[in-house]
1. With respect to V168, is the statement that it is touching a strand residue (DSSP E or B) at 6+ places or on another chain (Cβ under 7 Å) and surrounded by 13 or more Cβ atoms within 10 Å (Cβ to Cβ) true?
2. Read through the list (1) without any contact (Cβ under 8 Å) to a residue 24 or more places away in the chain; (2) assigned by TED's automatic domain parsing to the domain that holds S32; (3) hydrophobic (A, V, I, L, M, F, W, C), then give the number of the only condition that I103 fails.
3. May I ask you to list the residues in region 38-56 that are of a type in the set (K, R) and touching a Gly at 6+ places or on another chain (Cβ under 6 Å)?
4. Against the definition (surrounded by fewer than 14 Cβ atoms within 10 Å (Cβ to Cβ) and either assigned to a loop (DSSP other than H, G, I, E, B) or out of contact with any Phe, Trp or Tyr (no Cβ under 9 Å at 6 or more places or on another chain) (or both)), how does K27 come out, yes or no?
5. I need the full set of residues from region 17-47 which are among the β-branched types (V, I, T) and modelled with pLDDT under 95, in order please.
6. Is it the case, given these coordinates, that W22 is assigned to a helix (DSSP H, G or I), over 16 Å from the mean Cα position of the chain (by Cα) and aromatic (F, W, Y)?
7. Just to check your reading of the model, which residue among A64, A53 is in contact (Cβ under 8 Å) with a residue 40 or more places away in the chain and not β-branched (V, I, T)?
8. Can you tell me which residue among Y121, Y78 is among the aromatic types (F, W, Y), under 23 Å from K162 (Cβ atoms) and more than 14 Å from the chain's Cα centre (by Cα)?
Amino acid sequence: MKGIIVECLGKLVVTQFGQDKWEKSLKDVGLSPFRVFWPSSDIDDAKVMELVAAVCKNLDISLAQAADAFGEYWINSYTPYTYPQYYARHSTARDFLLDLNNIHLEMTRMMQDAQPPKFDYTWRDDETLVIHYKSHRGLVDFVVGIAKGVGKYYEENLDVSKVGTDKVVVIFA
C-alpha cells in the first residue's frame, strides 16, 4: 500500500484524537513514532492493516467506524487540497463516484508499483448504484467510508451500505 494512506490515517488520528493515540498505535505494531510516511513509499499491506487494527483498539472503535472516519477525512480534509483537480471536474457525488477508476489511475500513474483498486458499476434503478470493489486488499469498508465522505463533500444525502465483501450500495436520495 502506498504511504499516502498511512500519512492520511496519521493526520486523521492526530487531528481528531491526539498525537499520543497515533504514537501508541505505531508503537503497538513495532513502528517508530517518529517515522515519516512518504506518499509514494510502499508499506506492507499486512503492516497497514495491523496499524488500522491498533488504531481501532486504541480509539475503542470498530473497523467500520474507522473506515467511515478515514473516508470522511480523506474526501473532505486531505485530498481536496492535495488533489483539487479531481473535485473541480465533478459537480455531484454520482459523477465523482462513477469516476473512481480514472481518479485512482491518475493519482497512482507516477507511483511505481501502485496497485489501486478497480470498480465496476451496475444500476438497480435510477437512484441505486452498486459499486463492485475489486482488490486483493479486502478494504470494502473503506469504500463505504469514502462514498459517505463524497456525499458529505457534495452536500448530498446518500444512503451507503456494504453488501458482502465486495459490493457497496449507494442510494442517491
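1. Working: touching a strand residue (DSSP E or B) at 6+ places or on another chain (Cβ under 7 Å): yes; surrounded by 13 or more Cβ atoms within 10 Å (Cβ to Cβ): yes.
Against the criterion (touching a strand residue (DSSP E or B) at 6+ places or on another chain (Cβ under 7 Å) and surrounded by 13 or more Cβ atoms within 10 Å (Cβ to Cβ)), V168 qualifies.
2. Tallying (1) without any contact (Cβ under 8 Å) to a residue 24 or more places away in the chain; (2) assigned by TED's automatic domain parsing to the domain that holds S32; (3) hydrophobic (A, V, I, L, M, F, W, C), I103 fails exactly one: (2).
3. Filtering region 38-56 for residues of a type in the set (K, R) gives 47.
Scanning region 38-56 gives no hits.
4. Numbers: surrounded by fewer than 14 Cβ atoms within 10 Å (Cβ to Cβ): yes; either assigned to a loop (DSSP other than H, G, I, E, B) or out of contact with any Phe, Trp or Tyr (no Cβ under 9 Å at 6 or more places or on another chain) (or both): yes.
Spelling it out, K27 is indeed surrounded by fewer than 14 Cβ atoms within 10 Å (Cβ to Cβ) and either assigned to a loop (DSSP other than H, G, I, E, B) or out of contact with any Phe, Trp or Tyr (no Cβ under 9 Å at 6 or more places or on another chain) (or both).
5. Taking region 17-47 and keeping what is among the β-branched types (V, I, T), we get 29, 36, 43.
Matches in region 17-47: V36, I43.
6. On the way: assigned to a helix (DSSP H, G or I): yes; over 16 Å from the mean Cα position of the chain (by Cα): yes; aromatic (F, W, Y): yes.
The answer is yes for W22.
7. Values: A53 fails: in contact (Cβ under 8 Å) with a residue 40 or more places away in the chain.
The match here is A64.
8. Details: Y78 fails: more than 14 Å from the chain's Cα centre (by Cα).
Criteria check complete, one pass: Y121.
The values are calculated or read from the model by the stated rules, or taken from the named source; none is laboratory data. Computed from a prediction, not measured in an experiment: that's the story for all the values here. Every residue, glycine among them, receives a Cβ derived from its backbone with ideal geometry; neighbour counts consider all protein chains shown.
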